[in-house]
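The values are calculated or read from the model by the stated rules, or taken from the named source; none is laboratory data. Predicted model, so just to flag it, every value in this text is computed and none were measured. Cβ placement follows ideal geometry from the backbone for every residue including glycine, while neighbour counts extend to all protein chains displayed.
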Amino acid sequence: MSDEAPDSLIPYDEIVQEALRAVVGRVLGSVEESGGELPGGHHFYITFKTAASGVDIPSALRERFPDEMTIVLQNKFWDLSVGEDGFSVGLSFNQIPSKLVIPFSAITAFVDPAVDFGLQFQAAIEDFEQTSPAEGEATETDETGEPIAKSEDGSNVVTVDFGRKK
């Protein structure tokens, strides 16, 4: 008897990844249904491949984050719209309002630190123009605990302007 497992003709990895991305869709969909209000202390860090097919972000952000970017949905975001294949959301970067369109297939991580919940996804290489992943980098935070953008050193965390919802 051989110790090697036979190659599966069923793409289990892809099926599981798709199901886990559906979790992100359901969570964001419930936030959309509640009028964009996050319950309790919930907030989300969503990391995605900026060069993935279907991603639509301002060119300045794509230049600053050519591989991967993390956004934070917490206090100030607007126009959250969730579809079958992805979502769009309004965020402010350096006080400039921007609309981001992100397919679920581009997401590489979803974290809700309020409840220690997180998902990581494998990126499908054929979906990206650039395939070399960034090394894991520590994220510095300010006195309120929010991430500080550090594009000079290649960090993939973006600071958004927090405050009153539009």
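Observations
- Out of VAL111, VAL55, one residue alone is out of contact with any Ser or Thr (no Cβ under 9 Å at 6 or more places or on another chain) and either at pLDDT 95 or above or of a type in the set (A, V, I, L, M, F, W, C) (or both). It is VAL55.
- Selection of first residues in the range 16-30 that are touching a residue at least 12 places away in the same chain (Cβ under 8 Å) and of second residues that are part of a helix (DSSP H, G or I) and buried (at least 18 other Cβ atoms within 10 Å of the Cβ), restricted to Cβ pairs under 9 Å at least 6 apart or on distinct chains, gives the following pairs, ordered by first then second residue: GLN17/SER105; ARG21/PHE104; ARG21/SER105; ALA22/PHE104; VAL24/PHE104; GLY25/PHE104.
Let's see how each residue does on (1) touching a helix residue (DSSP H, G or I) at 6+ places or on another chain (Cβ under 9 Å); (2) crowded, with 18+ Cβ neighbours inside 10 Å:
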{"position": "GLU4", "(1), (2)": "no, no"}
{"position": "TYR12", "(1), (2)": "no, no"}
{"position": "GLU18", "(1), (2)": "yes, no"}
{"position": "GLU33", "(1), (2)": "no, no"}
{"position": "GLU37", "(1), (2)": "yes, no"}
{"position": "ILE71", "(1), (2)": "no, yes"}
{"position": "GLN74", "(1), (2)": "no, no"}
{"position": "SER92", "(1), (2)": "no, no"}
{"position": "LEU100", "(1), (2)": "yes, yes"}
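- Which numbered condition PHE93 fails, given (1) in contact with a Leu (Cβ under 8 Å, 6 or more places away or on another chain); (2) at pLDDT 95 or above: (2)
- ASP112 fulfils the conditions (1) among the acidic types (Asp, Glu); (2) farther than 27 Å from ILE15 by Cα; (3) touching a residue at least 24 places away in the same chain (Cβ under 8 Å) except for a single criterion, (2).
- Residue-level check: of (1) at pLDDT 95 or above; (2) surrounded by fewer than 17 Cβ atoms within 10 Å (Cβ to Cβ), PRO66 misses just (1).
- Of all residues in the range 84-103, those that are outside any strand (DSSP E or B) and within 15 Å of the chain's Cα centre (by Cα) total 1.
So that you can scan it fast, the table gives a plain yes or no per residue for (1) under 15 Å from the mean Cα position of the chain (by Cα); (2) among the β-branched types (Val, Ile, Thr):
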| residue | (1), (2) |
| --- | --- |
| VAL16 | no, yes |
| ALA22 | yes, no |
| THR50 | yes, yes |
| ILE71 | yes, yes |
| LYS76 | no, no |
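- Within the range 35-74, being in a loop (DSSP other than H, G, I, E, B) and hydrophobic (A, V, I, L, M, F, W, C) holds for LEU38, ALA51, VAL55, ILE57, PHE65.
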